[in-house]
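**Q** Quick one: this structure, given as C-alpha cells, is what I'll be asking you about.
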Amino acid sequence: MALVPDAVAEHAAGAAGHAGGMGNPLHHFELHNIVNLNLGGLDISISQGVVWMWIVVGVVLALFTVASRSGQLVPGMVQNLVEIVVEFVQSIAVDAMGEEGKKYVPFMIALFCFVLFCNLLGMIPGSFTVTSQLFVTALLAILVYGMSLVVGFYKHGFGFLKILVPGGTPGWLVPLMIPIEILSQLARPVSLAVRLFANLTAGHTILAVMFGLVVTIPVWAAWLPFTFSVLISFLELFIAFIQAYIFVMLSCVYLADAEHPAH
C-alpha cells in the first residue's frame, strides 16, 4: 500500500530537483562580472549588463549608420525603419513642447532607441535585459529630470520655482501646496525609473516561471504553460515598445514644464 505514496514522493522529488536545476526565475537579472577591474579601490568590473549595453549602443549606431549612408529616394527597409522612429519621436516632442521641442529630438531619439533595444534584445534567450536593472533606469530618470531642472533654471532663473504653485491657487493655500508640489516633483524620477524597471522585470519573471513549468510538469499538461508563454512573449514585445514610448513621452512632459513652468 505504501508503493503509491512512495512513487508520488519520488516524482515530486524528481520534479523539485529538475526545477532546482532550472534555477531561480530571478537568476536572469543577477549581474556577474566577466572581467574584474579595480581602480584605486573602486570596482569598475565589466559585467554582462555592461556588455549588453555596448551591444545595444552598437546595434543602434549600426542601424542609423546604414540608414544615413543609403539616403535613397526610395528608402530601403532600414532607412524606412529609422525614418519612422525619427518622425514618431519628433511628433512626441513637438506635441509636448511645441516647436521648441525640435531641439530635444536628437536626445529623445537616442533615449527612445536605447530603452527600446534594451527591452527587445533582452527577450533573446541567453541575453540580458539591461532595463531590468533599477540602477540603469534610475540613472536615465535622474538624467532626464536633472536636465529639466537645468533647462528650467537656465531659462527662467528663480522664476522657475513658480512650478511649485499651480495657476489659480488661492494665496492662503500656497503654504500647503508648495510641500505637496515638492513631493510631486521628487516622485517624478522615482516613478519614471520604477515603472520601466518593474514592467520589464515582472514580464521576464513570468516568462521564466512559465518555461520552467513546461519542463517540470507532465507532458500531457505542458501545452497550457507553453501556450501562455507564447502569448506573454507577444505581450512582452508590445510592452517593450509601450515602455519606451512612455519613458520618452514623460521625459518630454518634464522638459515642457521646464520650458513653460506656468500651469
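Coordinate-derived values only; no laboratory data. Predicted model only: the values in this text are computed from it and were never measured. All Cβ positions, glycine included, derive from the backbone under ideal geometry; neighbour counts span all protein chains shown.
**Q** Determine ³J(HN,Hα), in whole Hz, for all residues of the range 45-52 in sequence, where each value follows from phi through the Karplus function 6.51 cos²θ - 1.76 cosθ + 1.60 and θ = phi - 60°; x replaces Gly and Pro.
**A** Computed from phi, the couplings for the range 45-52 are 4, 9, 9, 5, x, 5, 4, 6 Hz.
**Q** Quote to one decimal, in nm, the extra length available between Leu81 and Glu100 on full extension: 0.36 nm per residue of separation minus the C-alpha distance between them.
**A** Details: separation 19, 0.36 × 19 = 6.84 nm, distance 2.49 nm.
Extra length from Leu81 to Glu100 when fully extended: 4.3 nm.
**Q** Can you tell me the dipole magnitude for the range 62-158 around its Cα centre, using point charges on the Cβ only (Lys, Arg +1; Asp, Glu -1), in Debye to the nearest 20? Intermediate results must be reported in sequence, preceding the final value.
**A** Working: 4 positive and 5 negative charges, 45 e Å.
Once rounded to the nearest 20, the dipole reads 220 debye.
**Q** For every other residue with a beta carbon closer than 14 angstrom to the beta carbon of Gly152, add +1 if it is Lys or Arg and -1 if Asp or Glu, then tell me the sum.
**A** Numbers: positive: Lys155, Lys162, Arg188; negative: Glu100, Glu181, Asp257, Glu259.
Overall, the nearby charge balance is -1.
**Q** I need Thr131, Thr216 ordered by Cβ neighbour count within 10 Å, fewest first.
**A** Numbers: Thr131 27, Thr216 18.
Ranking Thr131, Thr216 by Cβ neighbours within 10 Å, fewest first, gives Thr216, Thr131.
**Q** When Leu140, Leu231, Leu196, Leu81 are ordered from fewest to most other Cβ atoms inside 10 Å of their Cβ, what list results?
**A** Values: Leu140 21, Leu231 11, Leu196 25, Leu81 14.
Fewest-to-most ranking of Leu140, Leu231, Leu196, Leu81: Leu231, Leu81, Leu140, Leu196.
**Q** Which peptide among 89-96, 51-58 comes first, and what is the full order, when sorted by highest mean count of other Cβ atoms within 10 Å?
**A** On the way: 89-96: 19.0, 51-58: 15.8.
Output ranking for 89-96, 51-58: 89-96, 51-58.
**Q** Next up: So how do Leu200, Leu42, Leu63 line up by other beta-carbon neighbours within 10 Å, fewest first? Don't jump to the answer; show the numbers that get you there.
**A** On the way: Leu200 26, Leu42 7, Leu63 17.
Ascending number of Cβ neighbours within 10 Å: Leu42, Leu63, Leu200.
**Q** So how far, in whole Å, is the C-alpha centre of the range 82-111 from the one of the range 138-188?
**A** The range 82-111 and the range 138-188 have Cα centres spaced 23 Å from each other.
**Q** Next up: Which net charge results for the neighbourhood of Gly122, defined as the other residues with beta-carbon distances under 15 angstrom from its beta-carbon, given Lys and Arg at +1 and Asp and Glu at -1?
**A** Residues near Gly122 contribute -2 overall.
**Q** If the label point is 7 Å along Cα→Cβ of Leu31, which residues in the range 132-156 have backbone nitrogen under 13 Å from it?
**A** Label zone hits: 132-140.
**Q** Something else now. Rounded to whole Hz and in sequence order, give me ³J(HN,Hα) for the range 76-82 from the Karplus expression 6.51 cos²θ - 1.76 cosθ + 1.60, θ = phi - 60°, writing x for Gly and Pro.
**A** Karplus values, whole Hz, x for Gly and Pro: x, 5, 5, 4, 4, 4, 5.
**Q** Which net charge results when you count Lys and Arg as +1 and Asp and Glu as -1 among the other residues whose beta-carbon is under 11 Å from that of Met97? Each step should come with its number before you reach the end.
**A** On the way: positive: Lys102, Lys103; negative: Asp95, Glu99, Glu100, Asp257, Glu259.
Neighbourhood net charge equals -3.
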